[in-house]
Structure formats: structure tokens, C-alpha cells
């Protein structure tokens with residue numbers, strides 16, 4: 001049956017702190033319609049959030065061709081591998097609560113795991129070298145995957161074509177193994193723990209693993225493209241139950257974009273601390289020689305000319321998804337569709353983020369706070385290591401300002417936190433992050449300089 005992507009619901013737009021220009025959202029709608037025509041997509045749901053607030057959402061085309069049901073804000077799609085983001089979040093939450101370490105060997109938590117040096121960290125970033133799918137599982141061909149018991153028995157048959165961190169190798173099997181880790185460390189069934197500790201804290205209403213009969217009425221029917229034709233047919237495996245940790249979630253575009261806002265650091269509350277979230281987004285392994293994509297502790301990292309976007313792609317029987325977020329510009333965007341080919345989704349999501357970023361207002365400056373007494377006596381200019389540096393009070397923090405040097409990643413502002421009298425630590429970025437700054441005083445107790453990494457600086 002041929003597609004008519006011009007059928008769309010009116011954008012269900014919520015305007016909060018940012019109002020997008022009508023020309024921008026009209027352009028997005030036109031781009032979606034053009035992509036749907038080109039790739040024969042039956043239906044598509046999209047949403048954009050800025051600083052954690054939904055600013056635009058829209059449904060296009062049909063959720064069910066046979067019944068002529070349009071995609072709306074309530075339409076559910078399968079998220080496929082976007083599910084891996086919540087699995088990774090669950091693992092990091094367990095690490096933060098002291099239940100496990102990312103450096104734990106997987107074999108500590110998963111009985112029968114084959115001999116390997118692979119750790120939990122390696123599984124999170126697809127650096128374990130583990131094969132992609134469960135050994136001898138017929139699921140991708142038949143839609144009937146191995147039961148939990150059969151899966152656990154099959155783990156021991158897994159192969160590792162590469163040593164840990166030798167190269168990036170995507171592994172659904174690795175993430176399903178992480179589901180076993182979550183159950184062992186938490187003492188709860190995987191889906192129960194994730195719903196309680198990840199989905200609900202994120203406010204992702206309408207998101208779940210196994211929708212009941214009532215929710216099935218809201219699920220977009222999955223389709224597959226007929227080769228060499230501008231037409232699709234229903235995918236008979238659209239309802240197949242996957243092993244949950246790697247790809248079983250269902251959600252709406254408006255709900256899953258909250259997961260993107262979480263990745264951008266824009267939700268007031270969430271399952272992870274800001275420090276752990278930053279760690280989650282940090283590159284662990286590069287996927288290609290050109291460093292266009294890599295992986296953090298769960299998120300895919302998509303690099304463009306000016307920034308790194310974080311999120312995940314997904315694709316399975318009759319469904320595809322792309323979720324991305326920009327921590328730099330505080331924008332998150334998602335596209336979900338009911339055909340199992342996500343070819344047009346990535347450029348659409350990248351466009352949404354790029355154009356929304358252009359209208360994001362600058363953050364209001366924090367109220368001015370005077371420097372603490374300890375910091376006040378350190379402020380000024382210093383000389384050492386062939387350069388003049390400054391300690392200044394900025395945004396309520398003591399900040400070190402080092403000049404830029406060609407070829408070195410020295411940012412102008414490096415935040416310092418006090419650890420003890422006359423002892424401070426660089427905490428955010430730059431070549432000295434994690435290092436100590438030790439204040440030096442003269443015989444009268446006056447600040448005469450400081451030392452960083454054995455380099456000495458004297459007050460000017």
C-alpha cells in the first residue's frame with residue numbers, strides 16, 4: 001500500500017521559556033513530509049525540548065494504514081536500542097549507590113560468563129569485544145527470542161572476537177548481559193528496577209516494556225518496505241518481545257524526549273547526579289577513524305563541527321528511532337517512525353537541534369556573590385612557567401585563568417574548589433583537572449604564590 005505522508009496532525013506545541021519561530025517549525029514539518037515521501041514512511045512522531053521543556057511536537061502520517069489512524073501525541077512507538085540508555089542509567093545508579101563497580105569483572109555478577117577480562121565498563125561502551133547477538137538465537141529470523149533461562153545458558157557460549165577496548169564492537173548481547181547485572185546487584189527484576197529507579201524519576205509517562213491490551217490500541221503498527229517499491233507491508237514480527245535490556249521499551253515522542261533532556265542535564269531531578277551524568281557522556285571509545293561517532297557509558301556520541309551530541313539510535317521489526325541531545329545548547333530532539341529503516345531520522349534530528357539552538361536564550365546570570373575571605377586574598381595575577389595567569393572570582397567560584405597555548409587544551413576558566421586551608425582542586429576541565437593548587441605564604445602569612453603540578457607561580 002502506498003503512503004500519503006501529507007496526512008499529519010496539527011503540531012501539539014507547548015511554549016514555555018522558548019517560543020520557536022513559526023518559520024522554523026513550518027520548515028521542520030516540510031522536511032519531515034519530504035523525508036516520509038522519499039523513504040515511504042507510514043507515520044512519524046517528533047518532539048523537541050529546550051532546557052527540559054517541551055517546545056514542539058507533531059505527528060505525521062498514519063499509525064495504522066488499514067484503519068487510517070493518524071499519528072498523534074499519544075501514539076506509542078517501539079524505541080528499540082534507545083532502551084540501552086535506560087539500562088546504562090540503571091547500572092550507573094547502582095554504581096552510585098555502592099552496589100557495584102564499573103571495574104567489576106562481568107563474571108562476578110553473571111554466572112557462566114565466559115572467561116574474559118571484560119568489565120561492566122566495557123559492556124556499557126561496547127568495548128568488551130563480545131559478539132553482537134546471543135549465540136544460536138532464532139529471534140531475529142522468527143520473532144521468537146530465547147527465554148530468560150535459555151539466554152542465561154547461552155551466555156557461556158559467547159565469543160569475543162576482540163580483546164576488551166581493542167576496538168568498538170556493538171553488542172546487543174552485551175546489553176542483555178547488563179540486564180543480568182542489574183538484577184543480580186539490585187535484587188529486583190530488571191524491568192521493575194528500571195521502571196522504579198529510571199523511568200518514573202524521569203517523568204516518562206506512557207513509557208514501558210510490555211504494554212497491555214489498552215495501550216496496544218495506541219501502538220503504531222510496524223511496517224517493512226517492499227524492495228524497489230514506494231510501498232510497505234505490515235511486519236508480522238512487530239509485536240515480538242525482545243530481551244528487555246537491549247531494546248524492548250515503548251514510548252511516545254513527547255515522553256522519550258525527556259530522556260534526551262536528562263542527557264543534556266536539563267532536568268531538575270533525575271536518577272543520576274550531575275557528576276555521574278557528565279561521566280556517562282564522556283567518550284570511552286571511538287567508533288570510526290574519523291571520530292564522527294563514539295560511545296560513552298551508554299550514549300552514542302555524534303560529533304559535528306562544533307559540538308558532540310549524545311543519545312542513541314534504534315531499529316527493529318517495523319520501527320526506528322533517533323534521540324539526540326546537546327548539553328552545550330540545552331536542546332533535545334527525537335524522531336520515531338513505524339518502518340524499520342531509520343535512514344532519514346538522523347539528519348532530521350540534527351536539524352531540529354541545530355535550528356532550535358539558534359533561538360535558545362542565554363542563561364540569566366546568577367546573582368553576584370562576593371568572594372569568600374579565603375578566596376579574596378588569592379585574587380590577582382601570578383607569573384610562572386613562562387606565562388602570566390590569574391586567579392579571579394567568577395560566578396560564585398574561584399577560577400584560574402591560564403592563557404591559551406597552541407595545541408594545548410587550556411581553557412581560559414578552570415574552577416577551583418577548596419579542600420583545606422591553602423589547598424584547592426581543579427574540578428571541571430583543562431589540563432589540571434583533578435590536580436591540586438597549594439598556596440604558598442611568606443613569613444608574615446601573606447600569599448606569595450602557589451604550586452600546581454610542581455610548577456611554581458609567584459604573585460605579581
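For the stretch 222-261, there are no residues whose amide N sits under 13 Å from a probe point set 7 Å from the Cα of residue 37 along the beta carbon direction.
The Cα-based radius of gyration of the stretch 85-169, divided by its Kirkwood radius, gives an Rg/Rh of 0.98. Computed from the alpha carbon atoms alone, the convex hull of the chain holds 169 Å³ per residue. With each label modelled as a point 7 angstrom along the Cα→C-beta vector, the residue 433-residue 379 pair spans 2.7 nm.
Exposure proxy shown here: for 226, 65, 285, the number of other Cβ atoms within 10 Å sets the order, fewest to most, as 226, 285, 65. Between the beta carbons of residue 394 and residue 69, assuming R0 = 45 Å, the FRET efficiency works out to 0.25 to the nearest 0.05.
Using just its DSSP H runs of length 4 or more, each adding -39500 (n - 2.57), the chain gives a mean residue ellipticity at 222 nm of -7000 deg cm²/dmol after division by all residues. Given R0 = 35 Å, the distance between the Cβ atoms of residue 453 and residue 104 translates into a calculated FRET efficiency of 0.65.
Helix 172-186 and the longest principal axis of the C-alpha atoms of the chain enclose an angle of approximately 70°. Counting beta carbons within 10 Å around each of 429, 122, 295 and listing the fewest first gives the order 429, 295, 122. Counting every other Cβ atom within 10 Å of each residue's Cβ, 369, 414, 130 order from fewest to most as 369, 414, 130. Computed from the Cβ-Cβ distance with R0 of 25 Å, the FRET efficiency linking residue 142 to residue 291 stands at 0.10.
Treat each spin label as a single point 7 Å out from the Cα along the C-beta direction, and report the residue 460 to residue 273 distance in nm. Label-label distance for residue 460 and residue 273, simple model: 3.7 nm. For the stretch 256-388, the spherically averaged projection of the C-alpha convex hull amounts to 12.7 nm². If you fit an axis through the alpha-carbon atoms of helix 253-263 and take the longest principal axis of the Cα set of the chain, what angle between them do you get, 0 to 90°, nearest 10? Once rounded, the angle reads 20 degrees.
Note on the stretch 190-278: percent of Cα-Cα distances in each 10 Å bin, starting at 0 and stopping at the bin with the largest distance, equals 14, 38, 29, 15, 4. Going by alpha carbons, how many degrees (0 to 90, nearest 10) lie between the helix axis of 22-39 and the longest principal axis of the chain? Long axis of 22-39 versus the principal axis of the chain: about 50 degrees.
Every read-out reported here was derived from the displayed coordinates using simple, explicitly stated rules and does not represent laboratory data. Only a predicted model underlies this, so the values are computations on that prediction, with no experimental measurement involved. Every residue, glycine among them, receives a Cβ derived from its backbone with ideal geometry; neighbour counts consider all protein chains shown.
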